[in-house]
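Written below as structure tokens is the structure these notes are about.
The values are calculated or read from the model by the stated rules, or taken from the named source; none is laboratory data. Since we're looking at a predicted model, the values are computed, not measured. Reconstructed Cβ throughout: ideal geometry from the backbone, glycine too, with neighbour counts over all protein chains shown. Please note that ligands, DNA and RNA were not included when accessible areas were found on the heavy atoms of the full protein model with its side chains. Shrake-Rupley method; radii C 1.70, N 1.55, O 1.52, S 1.80 Å.
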Amino acid sequence: MNGIAFLFAAVATGAVLAYFNVPLMIGTFVLGALLAAFTWSFVWGPAIYALWVAFIALALVLNIHALRRALISNHVLKLFRKLMPPISQTEREALEAGTVWWEKDLFSGKPDWKKLLGFPAPKLTAEEQAFLDGPVENLCSMINDWEVTDRLKDLPKEAWDYIKKERFFGLIITKEYGGLEFSALAHSEVVQKLASKSITAAVTVMVPNSLGPAELLLHYGTDEQKKRYLPGLAIGTEIPCFALTEPQAGSDASSITSFGVIETGMFGGKEVLGMRVNWEKRYITLSSVATVMGLAFKLYDPNRLLGDKEDIGITVALVPTNTPGISIGNRHDPLSIPFHNGTIRGKDVFMPLNYIVGGPSFAGKGWQMLMERLSIGRGISLPALGASASKTACRGTGAYARIRRQFRLPVARMEGVEEALTFIAGHTYAVDATRRFTVGAIDAGQRPSLASAIAKYNITERMRMVVNHAMDVQGGAAIVLGPRNFMGRAYQSIPISITVEGANILTRTLIVFGQGVIRAHPYVLKEMEAAAEKDPQKASAAFDSAFFSHAGFTLSTAMGALVSGLTGGALLPAPVSGPAARHYRQFGRMSAAFALASDVAMLALGGKLKRMEKLTGRLADAISNLYIASAVLKRFEDEGRKKEDEALMRWACEDALFRIQTSLDGFLRNLPNRPVAAMLRLFIFPCGRPYHAPSDRLGGACARILLAPSESRDRLTAGIHVPHNTQESLGRIEDALVKVIRAEAVEKKVLEAARAKKLKSLDPAAQVEEAEKLGVISAEEKKIVAEAEAARLDVVTVDEFPKDYWSGRHDG
């Protein structure tokens, strides 16, 4: 074996060892054996001795932990502490909130697809389904959303009474306290169906069942607090709100200025130890009708009446809104979607310590409580709103595109319109897959903070795209507001979902990757915890273990990305055969590419990466689309690999691959260290960028699903309110679609007769009359066309109002 052959063999062996992430000790023996085989055929001389000395020295340093720590790890630890900023207490609580779920596999670079398919598909119980089919449908039927948004600026009294009577505010409250105790899936389905009829009703029901008093009491409240409030919250005799946002504290809720001071005071005729609290809150949903409020504030104990801490921290209390000093302010107008939302203020409000959720021992634990519960609520409510608007667009706009004619053609046959319908169908399939995947995790006992942030951000952003495309397709019919317009209010309300529970810009750039890489990466959090350890020996040992494990992980990921890139992912496993198999392999490849890019970004930029939000945003997009693709593949498998849905699955997967590629390419183009970026590109895209946006042909197959009644269309739009009443816009469109499709064969006969010069009339209606007289069509067929035309006209008609409709009106 000559020197060149040995060098090649050593590099190849090292690459294989790295690819399989072989333990360091075993790898050392393998390379030692290779070196022994090489030297066996040579006469020993100075070069051979030097090679062995170098190998043995390196082997000893790397495998004897005490030596490795003294010579390598401790020095790296010092550098790590300089480069990585320390974690604040609020950051630590945010990181520790919730659990890490499937996203950890995606960060690993080697997702276990069998594990993915092994997750149970979420299912409704018979009781939950009955509630959706009964009370939820009934509530939808009794609401006239135009009356709600244009005249009443509120839900009608009968709707409020029905909501309370049927315990809509008690979806999450346990039966022990009179609630319904529904699953996360059922909670999501209720919000989704209500939102398809009235966003005002959906938000009104959604908020008490999301982050608020009931959720906090169930998990942290004392027995006394639960007994006092939960029964009333369940039946609506108590209306809750949660006061967190302030003029100077929006998405950065940890910077709230509301404060309380522990002191003695009079309460209920007795002198008690309590808190005097001041606050000014805004954007508080249900504040104007609330009887009890959850209040977040910073608590101080300057006289140390509770203990030895003066700055206790963020605390959450449950306070009746009729407590002296509380002022319920005016209502806001959230883009003319009139759910109750407004201000609430408190001036020197004294309250006993037992108002703290969980009692006095939970003082200062409010931020942790909020982060833990938000990790769940963020994955349920807003994704349900996004899925609802997307499905409504699929159902209504798709049908409208076949009903509406321009140039004597259904507009759906125009390629520009078909392209818009493609995006509507494809994104809706991905949106609902992601929604169900995430609530399935919650129902399985997870508190998936990262997954819920991914779901909230991406579902609401894709909903924005879907609704915009729907508006384009419908044109003037979507612009003119009125009872006939089923998309206008959804369009108006888009920024609400985008903004609340963490503004999307912040969620994308700071939470999804910034917090996600720390929580979901197998070693980063361990390294940061070791760096924060005060005991030098413990810090050294912990960091040494995490750092060298991380180094092995990075080398393995690099080799995995390179091999997958060179082979097109052909060597990667797929848990199934058939049309989805290729996609599992490609997403496995992109998972390795993402993991490598994340590691290199942290290594090259250190603590600066946190502030480079354009880069972290692109990495967030990559992990988001890996998560969405996982949900899509899981949905396709759970639904039995329906042939009719294959186009939707393929489109969503190809779209996700193209988006991941675009995100990583943008990351590489903008990474400040250009030599590192060039090397990284060689590993991630060794043969160039392989993915393309879904083809027009595939998109056309997706669009056509929206144009006719079918099981695939029903699956795509399942869970929204589809009225049978033709006095409602969506019911009118459903009725017209069937009639228009039925008339198309008859209309074709008339058109062929006109082209053959058998008909003298130029007017379409007159041609139908003439065709019947000539026997081209029958009287029954003429009636079919007439019914279709009447239905078509009814669908394309827009609302109009008297000239003085808005004169002298006072809205507010």
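The table below gives the values:
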read-out	value
Residues within region 752-782 that are among the aliphatic types (A, V, I, L, M), modelled with pLDDT under 90 and open to solvent by 40 Å² or more (accessible area, probe 1.4 Å), tallied	2
Residue count for region 147-169, restricted to those that are within 29 Å of the chain's Cα centre (by Cα) and under 12 Å from Arg489 (Cβ atoms)	2
Residue within region 658-678 that is over 28 Å from Gly606 (Cα atoms) and in contact (Cβ under 8 Å) with a residue 60 or more places away in the chain present	no
When residues of region 229-262 are limited to those that are at pLDDT below 95 and acidic (Asp, Glu), the one surrounded by the fewest Cβ atoms within 10 Å (Cβ to Cβ)	Asp252
The lone exception for Asn725 - which of (1) under 30 Å from Lys197 (Cβ atoms); (2) assigned to a loop (DSSP other than H, G, I, E, B); (3) touching a Lys or Arg at 6+ places or on another chain (Cβ under 8 Å) it fails	(3)
Residue in region 105-112 that is assigned to a loop (DSSP other than H, G, I, E, B), small (Gly, Ala, Ser) and closer than 30 Å to Pro522 by Cβ present	yes
Elements of type helices (runs of 4 or more DSSP H) in region 607-705, at least 2 residues being more than 28 Å from Phe80 (Cβ to Cβ)	613-638, 646-670, 696-704
Residue tally, condition over 30 Å from the mean Cα position of the chain (by Cα) and under 30 Å from Cys394 (Cβ atoms), over region 672-704	0
All positions within region 513-572 that are basic (Lys, Arg), over 30 Å from the mean Cα position of the chain (by Cα) and either within 22 Å of Leu62 (Cβ to Cβ) or part of a helix (DSSP H, G or I) (or both)	Lys538
Enumeration of residues in region 521-543 that are at pLDDT below 85 and either closer than 30 Å to Leu385 by Cβ or basic (Lys, Arg) (or both)	none
Asn209 vs. criteria in contact (Cβ under 8 Å) with a residue 40 or more places away in the chain and within 23 Å of the chain's Cα centre (by Cα)	yes
Number of the exception - Ile741 against (1) among the hydrophobic types (A, V, I, L, M, F, W, C); (2) part of a helix (DSSP H, G or I); (3) buried (at least 19 other Cβ atoms within 10 Å of the Cβ); (4) modelled with pLDDT of 95 or more	(3)
Residue in region 321-360 that is farthest from Ile199 (Cα to Cα), counting only those that are surrounded by fewer than 17 Cβ atoms within 10 Å (Cβ to Cβ) and small (Gly, Ala, Ser)	Gly359
Matching residues in region 499-543 - criterion: being surrounded by fewer than 20 Cβ atoms within 10 Å (Cβ to Cβ), among the hydrophobic types (A, V, I, L, M, F, W, C) and within 30 Å of Trp146 (Cα to Cα)	Ala503
Flag for Asp735 being over 28 Å from Ala561 (Cα atoms), without any contact (Cβ under 8 Å) to a residue 60 or more places away in the chain, of a type outside the set (A, V, I, L, M, F, W, C) and surrounded by 12 or more Cβ atoms within 10 Å (Cβ to Cβ)	yes
Pick from region 252-295, criterion among the basic types (Lys, Arg) and within 38 Å of the chain's Cα centre (by Cα), ranking: farthest from Ala503 (Cα to Cα)	Lys281
Checking Arg715 against (1) modelled with pLDDT under 95; (2) in contact with a helix residue (DSSP H, G or I) (Cβ under 9 Å, 6 or more places away or on another chain), the condition it does not meet	(1)
